[in-house]
Amino acid sequence: MARFTALGEMASTLAHEINQPLTAITNYLKGSRRLLEKSTEENAPMLREAVEKAAEQALRAGDVIRHLRDFVARGESERQVERLPTLIEEASSLALVGAREVDVRVSYKLDPAAELVLTDRIQIQQVLLNLMRNAIEAMQGVPRRELQVMTVARDDGMAEVSVIDTGTGLAPEVSAQLFQPFVTTKKQGMGVGLSICRTIVESHGGHIWAEAIPTGGTAFRFTLRIVEKEEVANDR
Amino acid sequence: MTGNHLVHVVDDDVDVRKSLGFLLATADFAVRLYESATAFLAMATSHLDGCIVTDVRMPGIDGIEFLRQLRTRGHTLPVIVMTGHADVALAVQAMKEGAADFIEKPFDDEVLIEAIRSALDSRNRTEATHPQSAEIRGRLAALSERERQVLDGLVSGLPNKTIAYDLGISPRTVEIHRANVMSKMAASSLSHLVRMALVVESKR
């Protein structure tokens, strides 16, 4: 619980402090876009688009903060019924930016029975993004670089999501405290990534753990409860 | 004519305040900036035009106290409350103290401008109607009885566990109802949902 509280306070303070400048940034950008609408300059349309995109990104940062704060403040966040394959697809497209340059082969094995889950989309994508980025990093400098994302519908009504790499594996002393905050093996990193992943997954009623793969590499797995189609309102 | 388009901005954060001044000027509003509710009240004459956009969390007189003092002094300007911390309980309190609308920082300019326009319009009508209220009412009507009960709980600022206990159902069932309510109401966030519910409720 202490871990939760420390992160919670940090998130809440950060949220308040960051929202103010984000508000100012958004206002200036949106105002500039309004001015550019009246401009007859040759470059105005391009500028307008760039300024609008920048504003959208500032609002997106606000969204991320809001989700994080809702979740630490109430211990519950805004959850919607989402399609797990879509979440994975969207997170992958972000995680794999630049992956082609480092030549990582990516494959998916998605169980059609693990389709609908009740989640905070942004949070679960954050978890997926984190695990996939870690996996790609873990494979730097090894000859075989294969990333697999797999889902399985388990008998207990949970969807098990695995992110599997062919990297060098985890040192035993690290794996014991992998999900503790401020533990890291990276040169640059605060060591809060996996800790936040655990907090998010557990708040969704799931578990997260790591396993060594006998043939080399590591699997990070987490579970989410599956939503049965009958549970969802008829109109979706 | 300009008198109808006057916006008083009250925010203790100087950068946010100035950015609002800039944004609203580009949308052709006349803007006056105040660093605190006290500064506004000191300037306020008996006859005031336009509407107020105020932050809720400020040192000295906060947004809620500001709403009370305005009413005590007989000012009837519509007030839009901005919050950096979308606390549902606080939002409900603001609406009950007479706020015309509340929006969450950071916001899309259209959201703010729409809120200002409808607040200014409402001044000219005795029976104010939020432009979206018919649409919101339609969505509300699409909720099942259970979903409506869950919505009422959420609007009261209750956590899922308490709503579940009150209704005698499991927290997980509440979560599913809640997700269904969010999608049927086309709500982008919990505070957006509360805002819609309150807009309709306050005009009943």
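The values are calculated or read from the model by the stated rules, or taken from the named source; none is laboratory data. Please read these numbers as outputs of a predicted model, since none were measured by experiment. We place every Cβ from the backbone using ideal geometry, glycine too, and count neighbours over all the protein chains shown. All accessible areas refer to the heavy atoms of the entire protein, side chains included, with ligands and DNA or RNA removed. Shrake-Rupley method; radii C 1.70, N 1.55, O 1.52, S 1.80 Å.
To keep it simple, each residue is scored yes or no on (1) at pLDDT below 90; (2) more than 14 Å from chain B (Cβ to nearest Cβ); (3) more than 25 Å from A:R133 (Cα to Cα).
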residue	(1), (2), (3)
A:E49	no, yes, yes
A:G62	yes, no, no
A:F71	yes, no, no
A:L87	no, yes, no
A:E90	yes, yes, no
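Yes or no: B:A89 touching a residue at least 60 places away in the same chain (Cβ under 8 Å) and either open to solvent by 10 Å² or more (accessible area, probe 1.4 Å) or aliphatic (A, V, I, L, M) (or both)? Considered against the rule, which asks whether it is touching a residue at least 60 places away in the same chain (Cβ under 8 Å) and either open to solvent by 10 Å² or more (accessible area, probe 1.4 Å) or aliphatic (A, V, I, L, M) (or both), B:A89 comes out as yes.
Let's see how each residue does on (1) out of contact with any Asp or Glu (no Cβ under 8 Å at 6 or more places or on another chain); (2) part of a loop (DSSP other than H, G, I, E, B); (3) small (G, A, S):
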{"residue": "B:I136", "(1), (2), (3)": "yes, no, no"}
{"residue": "B:R146", "(1), (2), (3)": "yes, no, no"}
{"residue": "B:V150", "(1), (2), (3)": "yes, no, no"}
{"residue": "B:K161", "(1), (2), (3)": "yes, no, no"}
{"residue": "B:I169", "(1), (2), (3)": "yes, yes, no"}
{"residue": "B:R178", "(1), (2), (3)": "yes, no, no"}
{"residue": "B:V181", "(1), (2), (3)": "no, no, no"}
{"residue": "B:L193", "(1), (2), (3)": "yes, no, no"}
{"residue": "B:M196", "(1), (2), (3)": "yes, no, no"}
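The residue of the range B:71-117 that is farthest from the other protein chains (Cβ to nearest Cβ), among those that are over 29 Å from A:L68 (Cβ atoms) and over 12 Å from the mean Cα position of the chain (by Cα), is B:G74. Kindly check whether there is at least one residue in the range B:33-52 that is open to solvent by less than 60 Å² (accessible area, probe 1.4 Å), within 22 Å of B:S118 (Cβ to Cβ) and within 14 Å of chain A (Cβ to nearest Cβ). Within the range B:33-52, not a single residue is open to solvent by less than 60 Å² (accessible area, probe 1.4 Å), within 22 Å of B:S118 (Cβ to Cβ) and within 14 Å of chain A (Cβ to nearest Cβ). Pairs are defined by a Cβ separation below 9 Å, a sequence spacing of at least 6 or placement on different chains, a first member in the range B:160-172 that is within 16 Å of B:E145 (Cα to Cα), and a second member that is open to solvent by less than 50 Å² (accessible area, probe 1.4 Å) and among the charged types (D, E, K, R); the pairs so defined are B:I163/B:R178; B:A164/B:E175. Note on the range B:43-62: among residues that are of a type in the set (A, V, I, L, M, F, W, C) and at pLDDT 85 or above, the one that is farthest from B:V111 (Cα to Cα) is B:M43. If the condition is being at pLDDT 85 or above and part of a helix (DSSP H, G or I), then the range B:63-93 contributes B:G63, B:I64, B:E65, B:F66, B:L67, B:R68, B:Q69, B:L70, B:R71, B:T72. B:K161 fulfils the conditions (1) modelled with pLDDT of 90 or more; (2) surrounded by fewer than 22 Cβ atoms within 10 Å (Cβ to Cβ); (3) not polar (S, T, N, Q) except for a single criterion, (1).
Can B:D12 be described as within 14 Å of another protein chain (Cβ to nearest Cβ) and either more than 20 Å from A:Q20 (Cβ to Cβ) or in a loop (DSSP other than H, G, I, E, B) (or both)? Criteria met by B:D12. Of all positions in the range A:212-223, none carries a residue that is modelled with pLDDT under 80, in a loop (DSSP other than H, G, I, E, B) and of a type in the set (G, A, S). Does B:K18 satisfy the condition of being within 14 Å of chain A (Cβ to nearest Cβ), of a type in the set (K, R) and open to solvent by less than 30 Å² (accessible area, probe 1.4 Å)? No: the conditions fail for B:K18. Within the bounds of the range A:124-147, is there any residue that is modelled with pLDDT of 90 or more and polar (S, T, N, Q)? Within the range A:124-147, not a single residue is modelled with pLDDT of 90 or more and polar (S, T, N, Q).
Just checking, does the range B:42-51 include any residue being under 30 Å from B:L151 (Cβ atoms), of a type in the set (D, E) and in contact (Cβ under 8 Å) with a residue 40 or more places away in the chain?
no
Total residues in the range A:114-158 satisfying the condition of being under 17 Å from the mean Cα position of the chain (by Cα) and under 21 Å from B:N180 (Cβ atoms): the figure is 8. For B:D28, the criteria (1) within 14 Å of chain A (Cβ to nearest Cβ); (2) farther than 22 Å from A:I18 by Cα; (3) acidic (D, E); (4) under 20 Å from the mean Cα position of the chain (by Cα) hold in every case but one, which is (4).
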